[in-house]
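Novice: My questions will all concern the structure given below.
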């Protein structure tokens, strides 16, 4: 219901004079587009308005090289005509700054998109294992830390060779104790793989244990590919 809400205490929310109590509350404030001081701003539309277009124009300029721009450029490339052209403008050195640089280059190549450059304790949020994903094709997902070089890296592995996916890659980062610090995956089902790795990070599951779990995964599934991906990280 549309209303103004305020917290009376850490377990009570006041909404239009009504008191609502709960052990936990989720505060999802959302976001709105940032205003831009540009000549010709009257020709710029938001992502909501983009979804209301009756037809795609022959060329589209996306301002900002982030999640929305890449996903919508992907939509345009897949749904538009063969002559449809999408350009992404990014003021930084490269787009998708939170993602691994080499993997971003592979995603751009794949899409042919022009990119210019609980138990009584207080709950705390651990942002080290928060995943993110681009729902392009192939999907591009990440969790944890980002480095330009990593311990395990591969630009192709058996399952993807079998199905003929030309643009598939992964990087997995670990520490000296064989704990996973981060992962970057470009594949047709990166979402499932990154969730598995995210859970391993949350529960501090070591690489060797995760490898053994992956061996008994249903085959052939993308999750079963973890056995190939993790094997180079196993101790001798």
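The values are calculated or read from the model by the stated rules, or taken from the named source; none is laboratory data. Because the structure is a prediction, the values reported are computed rather than measured. Cβ coordinates were reconstructed from backbone atoms using ideal geometry, including for glycine residues, and neighbour counts include every protein chain displayed.
Novice: If you check 69, 86, which single one turns out to be in contact with a strand residue (DSSP E or B) (Cβ under 8 Å, 6 or more places away or on another chain), under 27 Å from residue 107 (Cβ atoms) and not in a strand (DSSP E or B)?
Specialist: Only one candidate passes the filter, namely 69.
Novice: With the checklist (1) more than 22 Å from residue 198 (Cβ to Cβ); (2) touching a strand residue (DSSP E or B) at 6+ places or on another chain (Cβ under 9 Å); (3) in a loop (DSSP other than H, G, I, E, B); (4) at pLDDT 80 or above in hand, flag the one item residue 167 doesn't pass.
Specialist: Checking residue 167 against (1) more than 22 Å from residue 198 (Cβ to Cβ); (2) touching a strand residue (DSSP E or B) at 6+ places or on another chain (Cβ under 9 Å); (3) in a loop (DSSP other than H, G, I, E, B); (4) at pLDDT 80 or above, the one that fails is (4).
Novice: Do you know which of the residues in segment 127-149 that are over 24 Å from residue 204 (Cβ atoms) and part of a loop (DSSP other than H, G, I, E, B) is modelled with the lowest pLDDT?
Specialist: Step one: filter segment 127-149 for residues over 24 Å from residue 204 (Cβ atoms), giving 134-140, 148.
Filter again for part of a loop (DSSP other than H, G, I, E, B), leaving 135-138, 148.
Details: 135: 90, 136: 87, 137: 83, 138: 86, 148: 47.
Filtering segment 127-149 for residues that are over 24 Å from residue 204 (Cβ atoms) and part of a loop (DSSP other than H, G, I, E, B), the one modelled with the lowest pLDDT comes out as 148.
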